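Below is one structure; the comments refer to it alone.
The values are calculated or read from the model by the stated rules, or taken from the named source; none is laboratory data. As the structure is a prediction and not an experimental result, all values here were calculated from the model. Note that each Cβ is placed from the backbone with ideal geometry, even for glycine, and that neighbours are counted across all protein chains shown. What goes into the accessible areas is simple: the full protein's heavy atoms, side chains included, and nothing from ligands, DNA or RNA. Shrake-Rupley method; radii C 1.70, N 1.55, O 1.52, S 1.80 Å.
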Amino acid sequence: MGKKVEWIYNFLGDVSYLLVAVMVKNQEIRIDFSQVTGRDQAREILASKEIEFFLITTDSITNQMASQKKVLVRDIPLGISNREVETAMKKFGKIKNVQIKVAGKWQLAVVEYNN
């Protein structure tokens, strides 16, 4: 774990619902929360310390993807194939396309449905 990521865990360690903090680029750290409450607590702490941050909500991404008949599947273990994702997701409808890519120590997939 990098020093910056370790600092985030120490600094925000008491924040509810902190899932993971990962170094995305040299100067950026992505922090995921399982509940909005945790995100709001972290935002208050960072703002009070005048630490610059930006917020990307999954609500806007989810709404955009829904209008395009797409679903984002995150935290897929490495080694799971495109075919395995398609098999697991076809119970929700007829699949048009599955795109999978590595995101850190995990994979994520965008599943596009026909209907």
27 Å Cα-Cα threshold exceeded, pairs from K70/K105; K49/K101; K49/K70: K49/K101; K49/K70
Accessible surface ranking that places the most exposed of L72, L12, L108 first, with a 1.4 angstrom probe: L72, L108, L12
Accessible surface of I76 - all protein chains present, 1.4 Å probe, nearest 10 Å²: 10 Å²
Cβ-Cβ FRET estimate between A47 and K3, R0 fixed at 22 Å, reported to 0.05: 0.45
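Taking R0 as 41 Å, what FRET efficiency do you get between N115 and L78 from their Cβ-Cβ distance, rounded to the nearest 0.05?
Details: r = 31 Å, r/R0 = 0.75.
Efficiency at R0 = 41 Å is approximately 0.85.
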At R0 = 25 Å, FRET efficiency that the Cβ-Cβ distance of I95 and V36 yields, to 0.05: 0.25
